[in-house]
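We did not get these values from a lab; they are worked out from the coordinates using the rules stated. Given the structure is predicted, the values throughout are model-derived calculations rather than measurements. For neighbour counting, all protein chains shown are included, and Cβ atoms are generated from backbone atoms with ideal geometry for every residue, glycine included.
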Amino acid sequence: MHIEPSFTKRYHKALSDKVMIKAVKLGTGRLRGKRADAIQAVGEKRWQEFRNRAEAIRLHVVQHLDQYLEQLVDNVLKKGGHVCLARTGDEAVEYIKNLAQKKNAKNIVKSKSMVTEEIHLNPALEKMGCKVIESDLGEWIIQLANETPSHIIVPAMHKNRFQVADLFNEVRGDEPKIPAETAELCAFARKYLRKTFMNIDLGITGCNFAVADSGAITICTNEGNARIVSALSSTLVTVMGMERILPSVEELAVMLSLLARSATGQKITVYNTLSAGIRAEMELDGPQEFHLVIVDNGRSKLLGSKYEKVLNCIRCGSCLNACPVYRNIGGHAYGWVYPGPIGAVLSPLLQGLDKYGELAYATTLCGACHTACPVKIPLHDMLYALRNDKVELEKKGELMEDLTYKGWSAAFASMSRYRFSIRMARRFQFPLVKAGKIAFGPPPISDWLKYRDMPALADEFFHEIWPELSKEGKEK
């Protein structure tokens with residue numbers, strides 16, 4: 001899928017896609033409602049205690065990441081697994097490609113994994129002749145559409161059932177068309193994808209959490225596809241970001257409860273699979289060969305920085321559902337694998353401010369993302385800091401922005417200039433006013449006015465009527 005490099009062009013394209021906007025608003029609204037119900041059931045006080053505990057867990061892990069990584073690696077090796085510590089995405093891809101070649105893997109079945117999207121694993125495997133099938137329903141839909149995920153939890157949130165039906169009917173070919181009914185679409189996907197499970201040469205999964213003291217990998221799904229992939233693959237690869245570690249199952253219990261409630265409003269995800277190493281002698285399923293690929297890809301450079309807390313993220317997607325910007329432009333406008341507020345922070349940090357620095361402005365700085373985050377990442381503060389970093393990097397702001405602020409400073413630094421300026425603005429605003437609002441204006445104000453209302457300047461300003469009001473008050 002070609003991604004337009006210009007953020008401006010991406011979000012303009014998104015704003016013109018009414019079907020996508022409607023689907024995203026419906027999906028995020030539903031998830032926000034379920035999350036609110038889940039929190040109400042727990043109780044606000046207890047929920048905040050959960051958040052405090054989760055934040056403390058993640059802060060502790062990130063601050064002692066080297067120790068827990070070493071412990072995790074040792075325990076995976078003890079249980080017969082192999083470990084690849086990949087400094088870059090390319091190193092991770094190369095390791096998996098070599099393994100696929102060694103196993104002569106033609107049919108590769110994957111479960112949902114944001115990290116494999118991040119390192120562009122699928123195209124690399126397909127280029128060497130492998131057939132890669134996504135077993136997660138949402139991931140399979142966007143794979144058929146040749147697109148990237150638009151949401152961390154619901155990859156195909158931007159699609160409606162009619163678009164999904166069109167994609168499935170292309171796969172079905174000349175057979176009778178599938179109606180655009182959810183039950184019919186799910187039934188077809190289930191039947192089609194189950195065939196792929198019976199002929200897996202290489203299985204690949206993501207990782208929600210790795211448990212350091214046992215070497216166990218935790219995968220959470222509502223469809224059970226990841227459990228089938230891990231159970232039926234003779235050779236299994238799990239790809240994880242290096243920060244996705246917990247000390248023990250005690251901390252895991254807290255995080256699983258928060259993850260489900262924050263992501264989908266469930267008390268617990270339907271399938272929570274913990275697996276460690278290779279199949280034991282008396283076990284009937286599980287891999288005979290297991291590889292854990294731990295991906296850095298820029299994460300380690302955040303350790304000890306002012307952005308370190310972004311590594312606390314558990315990928316629940318709650319900040320996306322809360323964000324008014326994401327709800328109006330969807331995920332693809334962000335240009336990389338991680339959308340929404342978390343993506344607006346991660347993309348510049350992992351891919352460079354020069355490439356994704358504009359995303360720091362894709363926010364109202366309202367703080368809704370911080371309120372929604374189960375591990376209390378101060379995303380709004382980080383977005384503000386990234387704006388400062390971008391200006392420092394370029395040693396200048398946008399030309400129009402610079403001129404605007406210089407003009408504002410010149411006018412508002414003096415009381416007389418300020419009052420003269422607003423009187424002139426009030427007198428000459430009439431060509432731009434319609435129904436008491438500023439309806440027209442030159443760029444970039446014209447773009448702003450398309451989606452927001454700006455009240456016209458009042459006939460009388462407060463400082464003009466205050467002397468009379470003050471006089472009346474004294475007389476009373």
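With contacts defined as alpha carbon pairs under 8 Å and 6 or more residues apart, what's the relative contact order of region 61-300 in percent?
29 percent.
So for the chain, taking the charge dipole from beta-carbon charges (+1 Lys/Arg, -1 Asp/Glu), which of 374, 293, 119 sits furthest toward the positive end?
Looking along the dipole axis, the top candidate is 374.
Can you tell me what share of the DSSP beta bridges in region 61-300 is antiparallel? A percent to the nearest 5 is fine.
Counting only bridges with both partners in region 61-300, antiparallel ones make up about 25 percent.
Give me 171, 61 sorted ascending by neighbouring Cβ count inside 10 Å, so fewest comes first.
171, 61
Just to confirm my understanding: which cysteines in the chain have no other cysteine beta carbon less than 4.7 Å from their beta carbon?
That list is 84, 130, 186, 207, 220, 313, 316, 323, 366, 373.
With unit charges on the beta carbons (Lys and Arg positive, Asp and Glu negative) and the dipole taken about the Cα centre of region 61-300, which residue among 215, 203, 65 sits farthest to the positive side?
Sorting the options by dipole projection puts first 203.
What order do you get for 452, 172, 35, 279 when you list them from fewest to most C-beta neighbours inside 10 Å?
With the sparsest Cβ surroundings first, the list reads 452, 172, 279, 35.
Going by a ≥ b ≥ c, the root eigenvalues of the Cα gyration tensor, does region 7-84 fall in the rounded group (a/c under 1.5), the prolate group (a/b larger than b/c) or the oblate group?
oblate
Sort 207, 323 so the one with the fewest other Cβ atoms within 10 Å of its own Cβ comes first.
The fewest-first ordering by Cβ neighbours comes to 207, 323.
Compute the acute angle (0 to 90°) between the alpha-carbon long axis of helix 340-351 and the principal axis of greatest extent of the alpha-carbon atoms of the chain; round to the nearest 10°.
Taking Cα atoms only, the helix is inclined about 70 degrees.
Taking 0.36 nm per residue of separation and subtracting the Cα-Cα distance, what length does fully extending residue 222 through residue 67 add?
So the extension gain works out to 52.6 nm.
Considering only the other residues whose Cβ falls under 15 Å of the Cβ of residue 129, what net charge follows from Lys and Arg at +1 and Asp and Glu at -1?
On the way: positive: 97, 102, 103, 106, 127, 131; negative: 126, 201.
Net charge around residue 129: +4.
From the square roots a ≥ b ≥ c of the eigenvalues of the alpha-carbon gyration tensor of region 399-475, which class results: rounded (a/c under 1.5), prolate (a/b over b/c), or oblate? Could the numbers behind the result be given before it?
Numbers: a/c = 2.84, a/b = 1.49, b/c = 1.90.
It is oblate, given that a/c is not under 1.5 and a/b is not larger than b/c.
Hey, what angle do you get for helix 44-63 against the long axis of the chain, alpha-carbon based, 0 to 90 degrees rounded to 10?
70
Can you give the % of DSSP beta bridges in the chain that are antiparallel, to the nearest 5?
Restricted to the chain, the bridges split so that about 30 percent are antiparallel.
Going by the alpha-carbon gyration tensor, a ≥ b ≥ c the square roots of its eigenvalues, is region 61-300 rounded (a/c under 1.5) or, if a/c is not under 1.5, prolate (a/b greater than b/c) versus oblate?
prolate
How large is the helix-only mean residue ellipticity at 222 nm for the chain, computed as the sum of -39500 (n - 2.57) over DSSP H runs with n ≥ 4, divided by its residue count, in deg cm²/dmol to the nearest 500?
The per-residue figure over the chain is -16000 deg cm²/dmol.
Could you calculate the FRET efficiency of residue 85 with residue 450 from 1/(1 + (r/R0)^6), where r is the beta carbon distance between them and R0 is 56 Å, rounded to 0.05? Intermediate values should be presented prior to the final figure.
Values: r = 49 Å, r/R0 = 0.87.
With a Förster radius of 56 Å, E is 0.70.
Calculate the spin-label point distance for residue 175 paired with residue 381, positioning each point 7 Å from the Cα along the beta-carbon direction, and give it in nanometres.
5.5
Just one of [x] 82, 49, 48; [y] 94, 56, 47; [z] 70, 45, 43 is Cα extents along the principal axes in Å as worked out from the coordinates here. Which one is it?
Given [x] 82, 49, 48; [y] 94, 56, 47; [z] 70, 45, 43, the calculated one carries the label [y].
Roughly how tilted is helix 182-197, in degrees to the nearest 10 and between 0 and 90, from the longest Cα axis of the chain?
40
Magnitude of the Cβ-charge dipole of the chain, K/R +1 and D/E -1, about the Cα centre, nearest 20 debye?
1220
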